[in-house]
Amino acid sequence: MKPIEQTQLEAPLSPEPSIHPSSHIMDSYAGEWTSIGANNKLIESRVGDYTYTMDDVTINYAEVGKFTSIASHVCINPVDHPMNRVSQHHMTYRRAAYGFAESDDEEIFNWRRGSRVSIGHDVWIGHGAIIMKGVHIGTGAVVGSGSIVTKDVEPYTVVVGVTAKPIKTRFSREIADRLLEIAWWDWPRETLQERFHELNDIYGFIKKYG
C-alpha cells in the first residue's frame with residue numbers, strides 16, 4: 001500500500017494566497033492565508049483573509065469575508081441569462097466568439113455585476129450549496145449542504161433546504177451580538193496568535209473580550 005498524499009488544506013499555508021493551478025481566476029482578489037482549491041472559478045470577486053474553498057467551487061461577482069469555509073461544489077451567484085430576449089443563449093452576448101460581432105455585449109455583463117453576493121466572516125457553506133444573486137449571508141452563519149439560498153441570512157443563523165429556511169441559531173442573540181462587537185476576525189495576526197487558545201471556549205471568550 002502507498003501512503004496517502006498530503007492534501008492541499010494540510011499543506012503549510014502562508015500570507016501569500018495558495019491557488020491551485022487548475023483554477024481559473026479572473027479580475028479577483030484573495031487575502032492572506034487563503035486557499036483556493038482545485039477547479040475553482042472566480043470572476044470579479046474578493047475573498048477575505050484565511051478563507052478557503054474546496055474543489056469545484058464557482059464564485060461570481062461576490063464579496064467573501066474572512067475565515068469563511070466553502071465546501072466542494074458550492075456555487076455563489078450563478079449568473080442569469082437574458083430571458084426577455086428572443087434567444088437567451090449566450091451567443092447573443094458572447095457574440096464575438098461566435099463571429100456575430102467584433103465585441104461582446106457589455107450590457108449583459110454589467111447587469112450581472114449589479115447583483116453581487118456578500119458573505120460575512122466565519123461563515124460555513126456546505127457541500128453543493130447555491131447562493132443566488134443579490135443575497136447577503138451574515139457573519140457566523142451556516143448554510144447546509146445542498147441548500148439553495150434565495151434570501152438574506154441573519155448572522156449566526158443556520159439555514160437548510162430548497163429553498164433555504166432558518167432552522168436554528170448557533171448562539172443566543174446576546175452572545176451573537178457580543179461576538180459581532182468583538183469582531184475577532186479583524187484582529188491582527190499577532191493578537192490572533194496570542195489569543196488563539198481561547199477560541200474554543202465561547203463563554204470564557206465572551207466574558208474576557210465582550
In the stretch 74-84, is there at least one residue being in contact with a strand residue (DSSP E or B) (Cβ under 9 Å, 6 or more places away or on another chain), at pLDDT 90 or above and at positive phi?
yes
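Which residue, of 99, 114, is closer than 15 Å to residue 63 by Cβ and without any contact (Cβ under 8 Å) to a residue 40 or more places away in the chain? Working first, answer last.
Numbers: 99 fails: closer than 15 Å to residue 63 by Cβ.
After ruling out the rest, the residue left standing is 114.
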For the stretch 67-108, what are the residues that are in contact with an Asp or Glu (Cβ under 9 Å, 6 or more places away or on another chain), of a type in the set (A, V, I, L, M) and open to solvent by 60 Å² or more (accessible area, probe 1.4 Å)?
97
Taking the conditions exactly as written (closer than 30 Å to residue 15 by Cβ, surrounded by 13 or more Cβ atoms within 10 Å (Cβ to Cβ) and within 14 Å of the chain's Cα centre (by Cα)), does residue 134 satisfy them or not?
no
Within the stretch 109-125, the residues that are open to solvent by less than 50 Å² (accessible area, probe 1.4 Å) and in contact with a Ser or Thr (Cβ under 8 Å, 6 or more places away or on another chain) are 119, 120, 121, 122, 123, 125
Does residue 85 fit the bill of being among the basic types (Lys, Arg) and under 26 Å from residue 153 (Cα atoms)?
no
Residue tally, condition open to solvent by 40 Å² or more (accessible area, probe 1.4 Å) and either among the small types (Gly, Ala, Ser) or more than 12 Å from the chain's Cα centre (by Cα) (or both), over the stretch 42-55:
1
Cross-chain or 6+ apart pairs with Cβ under 6 Å, the stretch 67-86 first and within 21 Å of residue 46 (Cβ to Cβ), then among the basic types (Lys, Arg)
77/133; 79/112
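The values are calculated or read from the model by the stated rules, or taken from the named source; none is laboratory data. What you see is a predicted model; the values in this text were computed from it and never measured. Positions of Cβ are generated from backbone atoms using ideal geometry, with glycine treated the same way; all protein chains shown enter the neighbour counts. Just the protein is used for accessible areas: all its heavy atoms, side chains included, with ligands, DNA and RNA removed. Shrake-Rupley method; radii C 1.70, N 1.55, O 1.52, S 1.80 Å.
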